[in-house]
Each structure stands twice: as C-alpha cells, then as structure tokens.
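Reading through the structure tokens given below for one structure.
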Amino acid sequence: MSKTEDVRNVDRDPLDSSAQVPSEIPAGLDRRKFIMRSAVISAAAVMNGCTRSETERTAPPPAAAAAPDSARVQGLAPKPAVPLAPDLNVVKKGSGPVLTTVDEFYKVGPGPSSSHTIGPMRITYDFYQQATKLPADKLAKATKLQVNLFGSLSATGKGHGTERAALAGLVGKEPATVDPKFLDSLRDQPDQVFPVKLGTKSIDVSLKDVIYDATKGDFKHPNTMTVKLLAGNDVLLEQEYYSVGGGFIEWKGYTPPKKNPPKYPFRLMKELRAHADSNKTTIAKIMLANEMSIAGRSEEEVYAFIDKIINAMVATVKSGLAMPEDDVLPGPIKLHSKAASVYKRAMDDKYQADRGIGSLSAFALAASEENGRGHLVITAPTGGSAGVMPSLVYGLLEVRKVDRQKVRDGMLAAAAIGYLCKHHATLSAAEGGCQAEIGVASAMAAALTATAYDASSLVVENAAESALEHHLGMTCDPVAGYVQVPCIERCAFGAVKAWTAYAIASNEIASRHRVGFDETVTALAETAKDMNAKYKETSEAGLAQSVTLC
Ligand code: SF4
C-alpha cells in the first residue's frame, strides 16, 4: 500500500455510514430488502470499525470502470456544435504528456479576448512574417492583403475589436509590445490607411481589408480565419488559421513544435501529484524541473519570465485602480467602471469586516476593466478571465506581503492547472463556454494561493478542483458581444471563489475531499461537449439576449 493510500485510510471517518452503503439497488433485490440489508451492513461496519477498502470506495461505476483511464479522458474531448476536425492539435493533445511551457501559456497582449484579439493579432503577424519570405518576383505582383473572419470570430468579433487586432498584426505589430493607444486610434479613426512593406512593394491596408464573413458553416474550429496575399484575383499566399483559445494559434497543416521530453512526464493531476509526493517536493518544483527540461532553460530564465508576468499582473491591477471612478468603458453598453469605488469602500474603516472580499473583488474588477478598455492584459488563461489571477497575485504580494518566491511557485502550480485543462478539455469559450475561461482561471488562482501558503500537493489539487467544480456549466453570453457584462464582475466572483476554494481545502481533512481534479476536468470536457452552441461566445442567448441596451 502506498503512503498516500495509508494516510487516506487513517483519516477516514468510520462513523460515516454513507460511505459503507452502495446507493444503487443491485438487480434482483427489491428496494425494501436492499435497504434492510444495507442498514445491517452499515451497523455492523460501524460497530466493528470497518470501512470499505480504498479500492471499493474509489471504484467507478461499472460502465466507467470498463474503460481504461486514457480512453475515458480522451473520449471526453469536447465536441462543440461546430465539430472540431480530428487533425487539430487541440483535439489530439490529450494523448501524450503535457508539454506546454509558461512562455506559451502566460501571454501579454491587448484585451479584451485572448481568442478574439491576441490570437488574431498573432495570426496576422505570423502571416505577415510568412509573406515577407516570398520570392521578390512574387511580391512585386502583390496588390492586396485580405483577412476573412468566420464563426465566433465573426459573430462577436466587432464587440471584441477583432478587426483592429487583425489589422495591427498585419502592419507588423506584436501583441506583447503593441501600444494600446494604436488600437484606440483605430477605433477612433477607422478610416486610417497603413502602408505594409513587402520586399520592394508597399501595399495599403485598412480596416476595410478585414471582412466579417460567415458566422455559421463547416469550419474546422469555431474561431477560424483566413489571410490572403492577392495579385488582382490571383492568390499569391493563403493560410487558414484557428485561434484555439488562450491566445494559442494553429493553422491548416499545423504540427506542434518539437520539444524536449519533460523530466517528470504527466498527463493527469494524479500523475503530477505522484511525482511531487514520491520526490518529497512540491507541484511547483516538479513544474520548474519540467519547464527547464522541455524548453532547455535555466532556473533563472524560467523565474525571470515568471517575474515579468507577475509584474505585468500587478501593473494591470494598479492601472485599473488608478482610473477615475466614473470612467465609462468603450462600447454601446456605456458601462461605468467600478473598481476604484469598490476599492475605496473596502478601505473605509466603517466597512472593515468586508475588506477582504471587497479588496479582492476590486483588484479583479480593476484588471478586468483594463481588459474591457483593450489595454494590455495577461492570459491566465484568457483575456476574458484576465482579472482573476492578477487579483490574487496582487493581494498576496502587495497586501499580504507574501514572499515573492512563494508567488513564483504559485504561478507554476497555477500553470499546471491551466495546462491540464487545455490538454484534456478547452480554454476557449467558443468551445466550452465561460467555465473554460473564468472556471479555469479560478482553479488556477486557487492553486496559486494554496501553493503560496505552503499547502501540500493534495490541498493544492483540492483547492483547484473545488474552484473549477463550482463553475461547471457556466455559459458565455457577453452582452452586445463586448467582454464587459457579465465578464468583468465574473472575474471578481472567480477571484473570490478561488479564495473560498483555498479556505475550504486548507481547512478540511484533505484526504476526505471526494472529487479529484482529473474527474472535474473530465466533467468540464463533457459539459463543453453538451453545451448548446448558443452559449459559446456567440451572443445569441442568455444575458446577450435578455439585456436590452437603451
Ligand atoms: S462570458 Fe466568460 S467566456 Fe464569455 S467573453 Fe465573458 S468572460 Fe469570456
């Protein structure tokens, strides 16, 4: 018996008769006999101090038990209303070990949506780079650059400013370094024309070259777009791209970059935790070792990148809090900023009892409102959820004064949570609704907090599980297609739920936590598969339909 199993048995409550009695009535027994027999077994078990074995307690129902673990997890890959083509990496990814690295995962870029702004900007920037490599004689014939947006990118792109992000990438701007004022200027002066230099040729581009195309169709991914370089009607270069969530992009014929094997390969949380426990270390240290081996980086390089992300998160909260109380966010909702007001009240001694939740909410609102303004945010895991992790990072570092190294460790543990959700489910609201954004962000923030407070690997898992579990089924229905309502307040709730999940996980007896993180990720994938397409970032249902703008 492993040490973990041993600990679980010691901590089990022998008086919990519910643990002794199967709830299903076996075939061939009538209900009365079944209840009587269960009561006798239960009483005997309590008197003898016996409990069911670990194997019995944790045995899945027969149908699930029949399937091998890998089949169960892989079989539950999300199948949204727009079925995903089986050759997409986001579909195939669940089979091997997790190979994502922090620099791929935490991305700085303009809000309000990683899949609708950062992804499209990365896509057009990539196309621009490809186009510059064409032979000079081809480039000499070029007359036009054209971007076509499909599916959810077309349905809600206008509210997200997708056309501005796509144009910015086309004129050579990268998400991490673009000045948000450039994007604001595109909004305020939409007729601007920019020359794009390709070899000796200069091609004029404007927002008119970004076309909102079909919202429904047989796309390989709900966030599909094409980019073309044309010579009159002739296509010189064309690429079909997919913005697959969290700012990750793929294209037709995409093969993931070759990476080094991880030092501690894992596909599931239970495997990751087993590495941590058997090596008598933490999830964060296992993740650090993997980052170093997969990306070939030194410890200093990994931490330097994480510090950049931590600093960007702190900066986004600070700039959000510094905005005037009556600031109005861009777009037709005319939503008034509330971060500064909520923070002011939280710091008022009259309301001291509410200070913890009030300030945590204010930090999340601040970062999320910055996202709504289209300013720089950090995908953790997405733009829509960009208030959740910064709220906890800011609270831990700037308010609780937790040691920076512990917050760095927390960022690694949070990344592990995000990687697992990406690997087996989705980070894209167009595939899985808001549970895939705010739900995952909240789970990451719970793992961050538990790690920063030196919790055991089991408590880290339990905290993340709890936060994710209580977001399952949450739909994506942004009003008017703008990442503001319900998104901004939802970030505050995600942050508070993360803290609640940590509070529960660090106070309960960890081994009695009944639901494993892997099981909840499976439920996330299943729910994503079954969710009605109207609730997947299309603005066709929910609040997007019931709220009337006047
Ligand atoms: S409702 Fe949730 S998933 Fe949808 S845009 Fe808003 S934050 Fe993102």
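The values are calculated or read from the model by the stated rules, or taken from the named source; none is laboratory data. Nothing here was measured: the structure is a model prediction, and the numbers come from that model. Because the Cβ atoms are built from the backbone with ideal geometry, glycine has one as well, and the counts that use them run over all protein chains shown.
Listed values, structure above:
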| quantity | calculated |
| --- | --- |
| Meets criteria (over 21 Å from Leu335 (Cα atoms) and touching a strand residue (DSSP E or B) at 6+ places or on another chain (Cβ under 7 Å)) for Lys529 | no |
| Residue count for the range 111-149, restricted to those that are under 23 Å from Val244 (Cα atoms), out of contact with any helix residue (DSSP H, G or I) (no Cβ under 9 Å at 6 or more places or on another chain) and more than 16 Å from the ligand (Cβ to nearest atom) | 2 |
| Test result for Ala425, farther than 17 Å from Ala495 by Cα, touching a Cys at 6+ places or on another chain (Cβ under 7 Å), buried (at least 24 other Cβ atoms within 10 Å of the Cβ) and touching a residue at least 24 places away in the same chain (Cβ under 8 Å) | no |
| Residue within the range 288-306 that is within 21 Å of the chain's Cα centre (by Cα) and on the phi > 0 side of the Ramachandran plot present | no |
| Lys181 being of a type in the set (Lys, Arg) and within 19 Å of Ile123 (Cβ to Cβ) | no |
| Residue list for the range 406-465, filter: of a type in the set (S, T, N, Q) and within 19 Å of Gly245 (Cα to Cα) | Thr426, Ser428, Gln435, Ser442 |
| Residue that is acidic (Asp, Glu), on the phi < 0 side of the Ramachandran plot and within 14 Å of the chain's Cα centre (by Cα), where the choices are Glu461, Glu437 | Glu437 |
| Unique residue being part of a helix (DSSP H, G or I), away from the ligand (no atom under 14 Å from the Cβ), under 26 Å from Ala446 (Cα atoms) and at pLDDT 95 or above when the list is Ala525, Ala495 | Ala525 |
| Flag if Gly217 is modelled with pLDDT under 95 and either more than 27 Å from Val90 (Cβ to Cβ) or buried (at least 16 other Cβ atoms within 10 Å of the Cβ) (or both) | no |
| Matching helices (runs of 4 or more DSSP H) fully within the range 398-476 where at least 2 residues are modelled with pLDDT of 95 or more and away from the ligand (no atom under 16 Å from the Cβ) | 404-424, 438-452, 457-469 |
| Any hit, the range 508-521, residues being small (Gly, Ala, Ser), closer than 18 Å to Gly439 by Cα, buried (at least 16 other Cβ atoms within 10 Å of the Cβ) and in contact with a helix residue (DSSP H, G or I) (Cβ under 6 Å, 6 or more places away or on another chain) | no |
| Any hit, the range 128-139, residues being surrounded by 23 or more Cβ atoms within 10 Å (Cβ to Cβ) and either over 18 Å from Leu427 (Cα atoms) or not acidic (Asp, Glu) (or both) | yes |
| Filter result (part of a helix (DSSP H, G or I) and free of Cβ contacts under 8 Å to residues at least 60 places away in the same chain) within the range 125-139 | Tyr125, Gln129, Asp137 |
| Conditions (1) farther than 30 Å from Val402 by Cβ; (2) within 16 Å of the ligand (Cβ to nearest atom); (3) part of a loop (DSSP other than H, G, I, E, B): number failed by Ala544 | (3) |
| Residue count, the range 253-277 (criterion: at pLDDT 95 or above and part of a loop (DSSP other than H, G, I, E, B)) | 9 |
| Any hit, the range 363-372, residues being away from the ligand (no atom under 15 Å from the Cβ), free of Cβ contacts under 8 Å to residues at least 12 places away in the same chain and either touching a Lys or Arg at 6+ places or on another chain (Cβ under 7 Å) or not hydroxyl-bearing (Ser, Thr, Tyr) (or both) | no |
| Matching helices (runs of 4 or more DSSP H) fully within the range 140-227 where at least 2 residues are touching a residue at least 60 places away in the same chain (Cβ under 8 Å) and touching a Lys or Arg at 6+ places or on another chain (Cβ under 8 Å) | 151-160, 180-188 |
| Scan of the range 228-266 for residues that are basic (Lys, Arg) and free of Cβ contacts under 8 Å to residues at least 12 places away in the same chain, ordered by number | Lys258 |
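Here's the yes/no breakdown for (1) out of contact with any strand residue (DSSP E or B) (no Cβ under 9 Å at 6 or more places or on another chain); (2) of a type in the set (A, V, I, L, M):
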site: Asp307; (1), (2): yes, no
site: Val317; (1), (2): yes, yes
site: Ala322; (1), (2): yes, yes
site: Lys334; (1), (2): no, no
site: Leu360; (1), (2): yes, yes
site: Glu369; (1), (2): yes, no
site: Leu376; (1), (2): no, yes
